[in-house]
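**Q** First the structure, then my questions, so here it is.
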Amino acid sequence: MSILNKSILITGSSDGIGKSLAIEFSKLGANIILLGRNSKKLDEVYDLLDHSHASQKHLIIEADLALLSNEAAQEILIAISQEFEVLDGIIHNAAILGTMSSLEDYDLSSWDEVMKVNLRAPFILTKTLKVMLESASLPRLIFTSSGVANKGRSFWGAYSVSKFGIKGLAEIFKDELETTTNIKVFNFDPGKTRTNMRASAYPAEDPNTLKSPKELIDCYLWFFDKESSNSSQSYFEFSELSNQLNST
Ligand code: NDP
């Protein structure tokens, strides 16, 4: 499974799963486009990326996805196209948890922020960057799902609703793009993973009982592999996909 020389945008790569993916993918020779809102954290991740492969380079894009406009997305397109000829993939990983409260008590500004970061930003970024994906040989669009994307659960409010929305967004992009372009669309639920978001949602949980973000790497590598081009399935959960990969 080679991602050597592939240029991959990972949103929310300043921490958690996105940070780990960026580091591991860079070790395998990928060019990483880090996107986050905190320049200090992005610089720290940049310094952890592997630069040892021939012509390997990385790019930092500082952007607050809660504030993303069409114009800001165009600027991101320009910044990426100045550095890379093609874009091989986007991993729409950034998200916020928002407030854990009943819908009745849900704060409107928190609701709006969650929807902007988790759902509106992947929509704007995808439609703006699609043009660069189209010129790649095996382009991939990977959305990030969650256990609360398929069945509503009390107190998960806007986060859960945004992940239901991502399911729809991924399915519609799949239907529209896979018939007209070579872009392959996946929606992946990474499952319980040891990150700050998980700790905020489950403060009483022992983080040592959870898998580390690094353990997700084989699943993400498979999405970028030629083999996944033949998959008619687009929605995957971690346990299912990792069992599948381990048995082959
Ligand atoms: P983290 O909170 O650890 O990381 C989230 C990342 O998104 C951070 O880099 C964060 O930046 C970034 N981000 C948040 N808001 C913005 C914004 N406005 N603009 C730009 N970047 C932003 O979360 P995880 O790594 O746990 O989650 C990654 C993905 O996996 C999410 O989509 C989540 O829903 C999903 N997921 C996670 C599970 C888990 O158990 N961890 C389970 C199921 C799904 P900053 O560093 O500035 O905060």
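**Q** Report the residue count in region 210-248 for those that are in contact with a strand residue (DSSP E or B) (Cβ under 9 Å, 6 or more places away or on another chain) and basic (Lys, Arg).
**A** Summing the residues that are in contact with a strand residue (DSSP E or B) (Cβ under 9 Å, 6 or more places away or on another chain) and basic (Lys, Arg) in region 210-248 gives 1.
**Q** Please tell me if residue 208 is surrounded by fewer than 18 Cβ atoms within 10 Å (Cβ to Cβ) and either closer than 27 Å to residue 29 by Cα or away from the ligand (no atom under 16 Å from the Cβ) (or both). Step through it out loud before you land on a result.
**A** Values: surrounded by fewer than 18 Cβ atoms within 10 Å (Cβ to Cβ): yes; either closer than 27 Å to residue 29 by Cα or away from the ligand (no atom under 16 Å from the Cβ) (or both): no.
Criteria not met by residue 208.
**Q** Quick check on this structure: which one of 187, 246 is within 14 Å of the ligand (Cβ to nearest atom) and of a type outside the set (Ser, Thr, Tyr)?
**A** Values: 246 fails: within 14 Å of the ligand (Cβ to nearest atom).
One residue alone meets the criteria, 187.
**Q** Starting from region 93-104, take each residue that is farther than 13 Å from residue 161 by Cα and at pLDDT 95 or above and list its partners that are β-branched (Val, Ile, Thr) and within 10 Å of the ligand (Cβ to nearest atom), counting only C-beta distances under 7 angstrom and pairs at least six apart or across chains.
**A** Note: pairs meeting the criteria are 93/10; 93/11; 93/17; 93/144; 94/11; 94/117.
**Q** Please list, ordered by first then second residue, the pairs with beta carbon atoms under 7 Å, 6 or more apart or interchain, first in region 179-201 and among the aromatic types (Phe, Trp, Tyr), second near the ligand (Cβ under 6 Å from one of its atoms).
**A** Pairs found: 188/144.
**Q** Exactly one condition in (1) out of contact with any Leu (no Cβ under 8 Å at 6 or more places or on another chain); (2) touching a residue at least 24 places away in the same chain (Cβ under 8 Å); (3) more than 12 Å from the ligand (Cβ to nearest atom) is false for residue 109; which is it?
**A** Of everything listed in (1) out of contact with any Leu (no Cβ under 8 Å at 6 or more places or on another chain); (2) touching a residue at least 24 places away in the same chain (Cβ under 8 Å); (3) more than 12 Å from the ligand (Cβ to nearest atom), residue 109 misses just condition (2).
**Q** How many residues are near the ligand (Cβ under 9 Å from one of its atoms) and either among the hydrophobic types (A, V, I, L, M, F, W, C) or without any contact (Cβ under 8 Å) to a residue 40 or more places away in the chain (or both) if we restrict to region 35-61? Steps first, please.
**A** Step one: of region 35-61, the residues near the ligand (Cβ under 9 Å from one of its atoms) are 35-38, 41-42, 45.
Next cut, either among the hydrophobic types (A, V, I, L, M, F, W, C) or without any contact (Cβ under 8 Å) to a residue 40 or more places away in the chain (or both) only: 35, 37-38, 41-42, 45.
The total comes to 6.
**Q** Moving on to the next point. Within region 1-21, can you find the residues that are more than 10 Å from the ligand (Cβ to nearest atom) and outside any loop (DSSP other than H, G, I, E, B)? Show your work before the answer.
**A** Pass one, region 1-21, residues more than 10 Å from the ligand (Cβ to nearest atom): 1-9.
Within region 1-21, 7, 8, 9 meet the criteria.
The values are calculated or read from the model by the stated rules, or taken from the named source; none is laboratory data. Owing to the predicted nature of the structure, the values given are computational and were not obtained by experimental measurement. Reconstructed Cβ throughout: ideal geometry from the backbone, glycine too, with neighbour counts over all protein chains shown.
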